[in-house]
Amino acid sequence: MKKLLQTLETELADHRKRGTLKDQERVIVKNIGPRHGFGPRVLLKDQGKTPFLCMNSNSYLGLAHHPDLLSAAEQAAHTYGVGPGGVRFISGTTNPHIELEEELARFHSRPAAMIFNSAYAAVLGVLAPMISPETVVISDELNHNSIINGLRLSKPAAKKIYRHLNMAELEALIAMSVGQASRILVVSDGIFSMRGDHAPLAEIPALALRYDDAFDDGILTIIDDSHGVGVFGATGRGTEEYSGAQADLLIGTLGKGFGVNGGYVTGAETIIRYLRQTAPCYIYSNPITPAEAAAATRSVQLADSAEGKERLANLRFLSKRLEQGLMDLEYQIISSDHPIVPIVTGDTKTNREMSEFLFSNHILVTPLSYPVVPLGEDEIRLQVSAAHTPRDIDFLLAVMAEFASKSP
Ligand SMILES: Cc1ncc(COP(=O)(O)O)c(C=O)c1O
């Protein structure tokens, strides 16, 4: 072990030197509910009684503490126990798992759905079985790490990458693959998590249809819309709803907008039946707990309720208020209809100074630098939640105004 530990320490020191070491994880010790017109706050280990505003949570709808979800989880835990006790095909399938899969298929207007213990596992679990040795995979250059690693686990005839959102390049890569593959798989994030922009979903399935006949198995489109589901589009159906088009397979998470935990894929019944027999992360790994499944079902149902619609409307209103306020302060942002609001600093030092300034004002944000984002595209990622209030956004904007006034 001695030599190995030394090698690992050297690698960690290299990371530190390059500035790519992640910050120490902050430990939340308590959640504080909304008060005085402000939204929820968290207390952090070693930060005393100072409440922090979370502008870096994926829980866009603010549902993690929703009483209906808590009681659904509690009831399921009492009925089925706190753990599934096995993988799905042994003894790990309970009623809440089945109900959730049915609810997800209904929500996304698909014949079938299956859940995984995370969206990361769903991506790994779906890509490898869908990629035969005669498949050419075509992928957006900014796709999430789960897609990159999912492709590493598979053995396609070729992998081709198109520049971010560049549909002309995607079309050229499909056209060049005619005669080289029996199947084409086009894979993309729906919402891109570092930018809040989205795949041109109105165009990808149309392109796939145009070239479908040129390949024996046709063209399969897969969209991982983990940051879109529950959050984006008129009723939270994600990038598909926003764009008015469907991919063949849609992957989503239950751990962001829906406020719980776990991942899923939804699509044709035959593919879902095939994946239950072939996806290793599904077959050989426990599912989410019955409590998580029951809470997630309730969360998906909430999306279609008056309350769900109100939360979405509030989320949009607050996101636009933040965007506008930052633009008025002349910050460079990436504007979108999604609650991810990135402030592009373009420089690691400014990024660090800004995030430290925000932290000293009790605001948590995510500073992103190379290699998480391309070189020179450093950004502070802000994420709005429906649980925030206009006073939270105005407080954040006041702090950003102060930072701007201090900067040269
Ligand atoms: C596009 C995308 N896919 C998958 C994931 C992973 O989600 P989960 O936490 O459910 O594994 C993320 C989360 O960052 C993501 O942004």
Net charge near residue 157: determine it from the other residues with C-beta under 10 Å of the C-beta of residue 157, scoring Lys and Arg +1 and Asp and Glu -1.
+2
Stokes-Einstein diffusion coefficient for segment 191-257 at 10 °C in a medium of 1.306 mPa s, Rh from the Kirkwood formula over Cα pairs: what value in µm²/s?
128 µm²/s
Cα-based shape type of segment 310-367, given that a ≥ b ≥ c are square roots of the gyration tensor eigenvalues and the cut on a/c is 1.5:
prolate
Extension length gain for residue 4 and residue 391 (0.36 nm per residue less Cα distance), in nm, is 134.1 nm
Checked segment 145-257 against the a/c 1.5 cut and the a/b vs b/c comparison, axes a ≥ b ≥ c from its Cα gyration tensor; verdict prolate
Can you give the helix-only mean residue ellipticity at 222 nm for the chain, where every DSSP H stretch with n ≥ 4 adds -39500 (n - 2.57) and the sum goes over all residues, rounded to the nearest 500 deg cm²/dmol?
-13000 deg cm²/dmol
J(HN,Hα) series, segment 256-271, from Karplus relation 6.51 cos²θ - 1.76 cosθ + 1.60, nearest Hz, glycine and proline x
10, x, 6, x, 10, 5, x, x, 7, 10, 9, x, 4, 4, 5, 5
Loop only per DSSP, at most 16 neighbouring Cβ atoms within 10 Å: give me the chymotrypsin sites (Phe, Trp or Tyr not before Pro) in segment 25-102, ordered by residue number.
89
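Compute the FRET efficiency between residue 71 and residue 284 as 1/(1 + (r/R0)^6), taking r as their Cβ-Cβ distance and R0 = 35 Å, and round to the nearest 0.05.
Here the calculated transfer efficiency is 0.60.
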Note on segment 306-408: the mean projected area of its alpha-carbon convex hull, in nm², is 6.5 nm²
Determine the percent antiparallel among the DSSP beta bridges restricted to the chain, to the nearest 5.
55 percent
How big is the charge dipole of segment 67-303 about its Cα centre, in debye rounded to the nearest 20, if each Lys and Arg gets +1 on its Cβ and each Asp and Glu gets -1 on its Cβ?
480 debye
Hydrodynamic radius by Kirkwood, which averages 1/r over all alpha carbon pairs of segment 10-69, in angstrom:
14.2 Å
Debye sum, Cα scatterers, segment 67-303, no solvent: what log₁₀ I/I(0) at q = 0.12, 0.14 1/Å?
-0.63, -0.84
Förster radius 22 Å - calculated FRET efficiency between residue 93 and residue 134, Cβ distance, rounded to 0.05:
0.05
When N is the residue count of segment 1-126, what does its C-alpha Rg come to as a fraction of 2.2 N^0.38 Å?
1.52
Could you bin all the Cα-Cα distances of the chain into 20 Å bins starting at 0 and give me the percent of pairs in each, rounded to whole numbers?
25, 56, 19, 0
Which aspartates and glutamates, if any, have their Cα less than 12 Å from the Cα of residue 159, not counting same-chain residues under 8 positions apart?
134, 140, 141
Rg(Cα)/(2.2 N^0.38 Å) for segment 340-390, N = residue count
1.16
One finds, for residue 353 and residue 12 with R0 = 30 angstrom and r their Cβ-Cβ distance, a FRET efficiency to the nearest 0.05 of 0.75
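Please arrange 194, 176 by how many other C-beta atoms lie within 10 Å of their C-beta, fewest to most.
176, 194
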Would you please name the chymotrypsin sites (Phe, Trp or Tyr not before Pro) within segment 212-289 that are DSSP coil residues with at most 13 other C-beta atoms within 10 Å of their C-beta?
284
For residue 320, go through the lysines and keep the ones whose alpha-carbon is under 21 Å away, minus same-chain ones fewer than eight residues off.
256, 309
Using label points projected 7 Å from each Cα along Cα→Cβ, tell me how many nm separate residue 329 and residue 27, to one decimal.
3.1 nm
First select every other residue whose beta carbon is under 12 angstrom from the beta carbon of residue 67; then total the charges, Lys and Arg +1, Asp and Glu -1.
-2
From zero up to wherever the largest Cα-Cα distance of segment 89-143 sits, split into 5 Å bins and tell me the percent of pairs in each.
4, 14, 17, 22, 20, 11, 8, 4
Over the chain, what is the mean sequence separation of C-alpha contacts under 8 Å (at least six apart), divided by residue count, expressed as relative contact order in percent?
22 percent
Near residue 147, within a Cβ-to-Cβ distance under 9 Å, what is the net charge of the other residues, with Lys and Arg +1 and Asp and Glu -1?
-3
On a straight-distance basis, which lysines could pair with residue 17 in a cross-link, Cα separation under 30 angstrom, same-chain partners fewer than 8 positions away excluded?
2, 3, 45, 349, 406
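Grab the Cα-Cα distance for residue 180 and residue 216, subtract it from 0.36 nm times how many residues apart they are, and report the gain in nm with one decimal.
Result for the pair: 11.9 nm of gain on full extension.
Values in this text are rule-based calculations from the coordinates and carry no lab data. Bear in mind that the values here come from a model prediction, so they are computed numbers and not experimental data. Heads up, the Cβs are rebuilt from the backbone with ideal geometry, glycines too, and the neighbour counts pull from every protein chain shown.
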